Amino acid sequence: MTDQLPLKPIESDLTEKARQTISQRPQLEELVAEAIGKGLRNVFFVGAGGSLIAAYPGHYLLEREDTVPVYKLQSDELNTGRTKRLGEGSLVFLASYTGKTKETVAAAQYARSTGATVAVISKEGGPLAEAANVAFTGQSDLFLQLAAYAVMRQSGVERDWALLDQALEALPEALLSAAQEHEDRARTVAETLKDEPITYVLGSGPSYNWAYGLAMCFLQEMQWKHAAAFNSGEFFQGAFEVVNDDVAVINLLGEDASRPMAERAKRFLDTYASKKTFHIDTKSLTLPGIPAELRGEVSPLAIAVLMDRVARHYEAVRGHDLDKRNYMFKVDY
């Protein structure tokens, strides 16, 4: 590890990637309408690593807003578990950033063999696209939430859909604004916690995904730092008993229905472990153009952008490139 690396800038195509993904809504709506017409029984979100992380907001939405049964599974859990719920009438969304994740490709092949309709999202197509009934390209974090909206809309969930259209029109610029507004905070978090022996990360509801993602993907995998994620609702045992002013904690607060869980954790941490605790709260973001009624649904998407910037600042101040690996892509596993 060198002393420092140049800080990579906010992605220049962040807004364009979001717009390109949103532009595929008509095809998504058509896919879901066809599945409903054939007798939709259930919906599955399937992935591994970052692609599973991306499924949390969409899964959370469908569980809250729709009566269609929805399941979220790690790719190999589907391959090995062979759930009896999967088959004709199932609509399966699988994501892989590369389109080559072998476990996810196998899950797509297995799901399709049961008679399920398989839709995939990846950046470049690849073997995953070949295993699917329908393939999309784009930013999977956003795409899987759009998939949830399509299921809700086509299954007759009553809500202000024009307001959602308005929010999605504003979303690309709102995400860029979030990244820009968060830069100083991201730098402070990374500079302060860069040498900590372990970092705990808390999140609730659809924002738990990036507590898990920051700890597992960014800190452990990409920075070789010890970290652990906890659902804020579980923060009355385990890590709760070992945190104090000497322990690093990052607490994520979204604006969805689970926010009281994160706020309870905040009150405890501010009282008993405040010196190395950082609260990252989407309420501090402007999110221009996003209606107040939909900030809770947008907040996990904003947190995804914020966590990427936190990771980039860790990369810079620690001199450890996020692409550097010990084992991944290097050993047969």
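The values are calculated or read from the model by the stated rules, or taken from the named source; none is laboratory data. None of the values given here were measured: they were computed from a predicted structure. As a convention, Cβ positions derive from the backbone with ideal geometry for all residues, glycine included, and neighbour counts pool all protein chains shown. Surface accessibility is based on the protein's heavy atoms, side chains included, excluding ligands, DNA and RNA. Shrake-Rupley method; radii C 1.70, N 1.55, O 1.52, S 1.80 Å.
Provide, for q = 0.16 Å⁻¹, the log10 of I(q)/I(0) from a solvent-free Debye sum over equal Cα point scatterers in the chain. So the normalised log intensities are -1.44. Using all Cα-Cα distances in the range 118-205, what percent lands in each 5 angstrom bin from 0 up to the longest? Calculated P(r), rounded to whole percents: 3, 10, 12, 14, 15, 15, 14, 10, 6, 2, 0. Against the chain, whose longest principal axis comes from its Cα atoms, helix 140-154 is set at around 40 degrees. Note that the range 59-218 presents 41 Å² accessible area per residue, ligands and nucleic acids not counted, probe 1.4 Å.
Size descriptors for the range 172-312 (Cα atoms only): Rg and Dmax, in that order, 14.1, 41 Å. Just add up the charged neighbours of E88: K/R +1, D/E -1, any other residue whose Cβ is under 10 Å from the Cβ of E88. Residues close to E88 contribute a combined charge of +2. So what is the relative contact order for the range 1-81, in percent, with contacts set as C-alpha pairs under 8 Å and at least six apart? It rounds to 26 percent for the range 1-81. If both residues of a DSSP beta bridge must be in the range 197-333, then about 0% of such bridges are antiparallel. Look at the alpha carbon pairs under 8 Å that are at least 6 residues apart: their mean separation over the length of the range 197-333 gives a relative contact order of 27 percent. Can you give the longest run of the chain that contains no trypsin sites (Lys or Arg not before Pro) sitting in a DSSP loop with at most 15 other Cβ atoms inside 10 Å? Longest run free of exposed loop sites: 160-274.
When only alpha carbons are used to place a centre, the range 69-95 and the range 7-24 end up 29 Å from one another. In plain terms, the chain from E63 to N326 could stretch by 90.9 nm, reckoned as 0.36 nm per residue minus the Cα-Cα distance. Taking all protein chains together, E293, E221 sort by accessible area into E293, E221, largest first [probe 1.4 Å]. List the lysines whose Cα lies under 18 Å from the Cα of K275, skipping any in the same chain that are fewer than 8 positions away. Partners found: K194, K266. Positive contributions from Lys and Arg (+1) and negative ones from Asp and Glu (-1), summed over other residues with Cβ under 15 Å from the Cβ of T117, come out at 0. Once the gyration tensor of the Cα atoms in the range 218-264 is diagonalised, the equivalent ellipsoid follows with semi-axes of 21, 15, 9 Å, ordered largest first. For V70, nonlocal amide neighbours, meaning residues 5 or more places apart or on other chains whose placed amide H falls under 5 Å from its own, are V43. Take the Cα of K38, go 7 Å toward its beta carbon, and the backbone nitrogen atoms of the range 143-162 under 16 Å from that spot belong to 151.
Exposure check, 1.4 Å probe, all protein chains in place: T101 carries approximately 40 Å² of accessible surface.
Taking the longest Cα principal axis of the chain as reference, the axis of helix 183-193 is set at about 60 degrees. Calculated mean residue ellipticity, 222 nm, the chain: -14000 deg cm²/dmol, from DSSP H runs (n ≥ 4) at -39500 (n - 2.57) each, averaged per residue and rounded to 500. Taking label points 7 Å from Cα along the Cα-to-Cβ direction, D160 and Q109 give a separation of 4.8 nm. Under a model in which nothing but the beta-carbon of Lys, Arg (+1) and Asp, Glu (-1) is charged, the range 1-95 shows a dipole of about 300 debye around its Cα centre. The accessible-area ordering, largest first, of the residues F236, F230, F44 stands as F236, F230, F44, per a 1.4 angstrom probe. A Cα-only calculation for the range 47-169 places Rg and Dmax at 14.0, 42 Å. Axis angle, to the nearest 10 degrees, between helix 259-272 and the longest C-alpha principal axis of the chain: 10 degrees.
Below 8 Å, C-alpha to C-alpha, sequence gap of six or more: please give me the relative contact order for the chain in percent. Reported relative contact order: 21 percent.
Evaluate E = 1/(1 + (r/R0)^6) for R264 and E241, where r is the Cβ-Cβ distance and R0 equals 22 Å; express this FRET efficiency to the nearest 0.05. All intermediate terms of the calculation are to be shown ahead of the outcome.
Working: r = 16 Å, r/R0 = 0.72.
Between R264 and E241 the formula returns 0.90.
Of the solvent-accessible surface of the chain, computed with a 1.4 Å probe and all protein chains present, 49% belongs to carbon and sulfur.
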